[in-house]
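Scroll down for the structure; my scribbles are underneath it.
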Amino acid sequence: MLFTKTLMMTLSLLATGAIAQENSANQDYRQSGNAGNGVQGNGNGVQGNGAQGTNVWIKFDIKHGRDKSANYQTGNCYNIGDKHTIQGYEIKSDRRVHVTTWSRFYSEGAENTPNWDGPTDGKHKINPTQEVASICIDQA
């Protein structure tokens, strides 16, 4: 019985801490003047090579599909879902960032070239289009 109560209290504290951390990250992004420009990232980031902590909003212009946008953190790699044919992108960030794009999951696929730098001043078109399944974001 005591073990169950201790376990429940620990889980409650962990959940409270996670919510507080998420709210803090969202608050930092709102203070940067970029509020409302994207949706929460998909949460499957994998530790990358760059410094962590900078919020980055990326909008993908998907050929023959709906545009996709999300918030990400520098220093992480993300699987963005099924492979998409990207014909353009827009990046908003308070700091300069470098986005490495991959045709499959970042550790398995071929790295696309050229990679992307941001922030951008509006949408950048890609010609030829790139097949993108994952991205890694680092501070430039």
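The values are calculated or read from the model by the stated rules, or taken from the named source; none is laboratory data. Not measured: the values here are computed from a predicted model. Here the Cβ positions follow ideal geometry from the backbone for every residue, glycine too, while neighbour counts run over all protein chains shown.
A few comments on the model shown:
- Selection status of Thr85, assigned to a strand (DSSP E or B), over 14 Å from the mean Cα position of the chain (by Cα) and among the β-branched types (Val, Ile, Thr): yes
- Residue ID - nearest to Thr74 (Cα to Cα), chosen from residues in the stretch 124-140 that are among the charged types (D, E, K, R) and surrounded by 14 or more Cβ atoms within 10 Å (Cβ to Cβ): Asp138
- Members of the stretch 103-123 found to be in a strand (DSSP E or B) and either within 18 Å of Asn71 (Cα to Cα) or of a type in the set (Lys, Arg) (or both), listed by number: Trp116, Asp117, Gly118
- Note on the stretch 52-73: among residues that are in contact (Cβ under 8 Å) with a residue 40 or more places away in the chain and in a strand (DSSP E or B), the one that is farthest from the chain's Cα centre (by Cα) is Asp61.
- For the condition farther than 25 Å from Gly53 by Cα and at pLDDT below 95, Asn79 does not qualify.
- Members of the stretch 100-140 that are modelled with pLDDT of 85 or more and among the aromatic types (Phe, Trp, Tyr): Trp102, Trp116
- Residues that are surrounded by 17 or more Cβ atoms within 10 Å (Cβ to Cβ) and either in contact with a Lys or Arg (Cβ under 9 Å, 6 or more places away or on another chain) or small (Gly, Ala, Ser) (or both), drawn from the stretch 84-109: His84, Ile86, Gln87, Gly88, Tyr89, Glu90, Ile91, Lys92, Ser93
- From Gln87, Gln73, Gln21, residue being farther than 20 Å from Thr129 by Cβ and at pLDDT 90 or above: Gln73
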